[in-house]
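In what follows, a structure is listed as structure tokens, so that the remarks can point back to it.
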Amino acid sequence: MVLHRLKFVAALCLACVPALVALIPSEASAQTPAADRLARIKASGVLRVGTTGDYKPYTYLDPATQTYSGMDIDVAQDFARSLGVRVVFVATSWPTMTSDLVADKFDVVMGGVSDSPEREAAGALSHAYLSDGKVALVRAGDRTKYLTLADIDKPGVRIAVNPGGTNQKFVNANIKAATVVVIEKNLSFPQLVASGQADVMITDGVEAALAARGDARLAVADPADPFTKLQKEYFLHKGDPAFEAALDQFIDRALSDGTYAKLRAKWIG
């Protein structure tokens with residue numbers, strides 16, 4: 001009888017083991033949750049910033065020195081200092097930016113990122129720090145030739161666009177008759193237009209104006225009347241309320257104290 005009771009107790013204990021194990025936090029579940037990204041950044045001392053390095057004046061990777069520069073590079077460094085950490089820049093591209101963010105290759109994307117429904121669905125967008133819009137970068141002699149989309153979207157017109165971003169999305173949605181040439185190297189576009197290999201580059205007004213100031217052969221067709229209105233923001237993970245709040249507070253403060261105005265004067269003019 002005693003032996004029977006011992007076997008029953010042993011069986012009951014074994015049956016309880018899975019439930020007990022389920023109550024013990026696993027190594028994975030014990031890790032800091034995504035919502036504590038800010039705490040993890042401060043604990044590690046590193047802010048990982050994804051950036052393309054091909055979009056002046058926001059982000060540029062010097063091929064000779066392998067160092068980044070630009071308006072948003074300065075912002076990233078200032079933001080990291082405000083958190084008491086150092087910044088590490090992680091290379092990404094316009095086609096892979098969203099998947100790289102979702103794969104947690106970095107904490108935030110900085111570098112002239114425009115707001116879009118697709119990015120908002122995949123992650124989160126910070127407060128806006130600059131307003132812009134899509135324009136046509138053309139040869140100076142064609143300044144009045146390509147004022148409207150109807151002028152541009154004609155057979156024989158060659159439009160250069162980089163893949164994976166809002167420029168390509170705009171071109172795909174609005175250009176049906178012209179020839180679209182997709183070029184991987186974003187920095188090569190102004191030269192392609194200036195040399196006559198392409199007729200139009202669709203891009204953001206700030207980038208187009210900078211290219212035109214740097215090359216007398218180029219001009220912005222109608223800078224006062226862009227095709228769209230957009231906001232420049234930073235692209236971060238969903239579900240990180242503390243980190244998102246820290247970034248938004250930094251942006252709001254930098255807008256109000258003149259920091260962004262100084263950076264705009266330095267990098268955009």
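The values are calculated or read from the model by the stated rules, or taken from the named source; none is laboratory data. Computed from a prediction, not measured in an experiment: that's the story for all the values here. Heads up, the Cβs are rebuilt from the backbone with ideal geometry, glycines too, and the neighbour counts pull from every protein chain shown. To get the accessible areas, we keep the full protein, side chains included, count just its heavy atoms, and leave off ligands, DNA and RNA. Shrake-Rupley method; radii C 1.70, N 1.55, O 1.52, S 1.80 Å.
Here are the numbers for this structure:
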quantity	calculated
Mean ellipticity per residue at 222 nm, deg cm²/dmol - from DSSP H runs of n ≥ 4 across the chain, formula -39500 (n - 2.57)	-12000 deg cm²/dmol
In degrees, nearest ten, helix 2-23 long axis to first principal axis of the chain (Cα)	20
Violating pairs (Cα-Cα greater than 19 angstrom) within the set 185/266; 56/266; 56/134; 145/229	185/266; 145/229
260, 68, ranked by accessible area, largest first (probe 1.4 Å)	68, 260
In degrees, nearest ten, helix 71-83 long axis to first principal axis of the chain (Cα)	30
Choice from 149, 247, 83 showing the highest fluctuation, given a GNM over the chain with Cα pairs closer than 10 Å	149
Convex hull (Cα only) mean projected area of the range 167-250, reported in nm² to one decimal	7.9
The chain: most fluctuating residue of 173, 212, 80 per GNM, C-alpha cutoff 10 Å	173
Heavy-atom accessible surface of the range 162-269: percent carbon and sulfur, 1.4 Å	55
Theoretical FRET efficiency, 1/(1+(r/R0)^6), r = Cβ-Cβ of residue 183 and residue 36, R0 41 Å, to 0.05	0.50
Solvent-accessible area per residue for the chain (1.4 angstrom probe, square angstrom)	50
Whole-percent pair-distance distribution, where bins are 10 Å wide, for the alpha carbons of the range 91-189	12, 41, 31, 14, 2
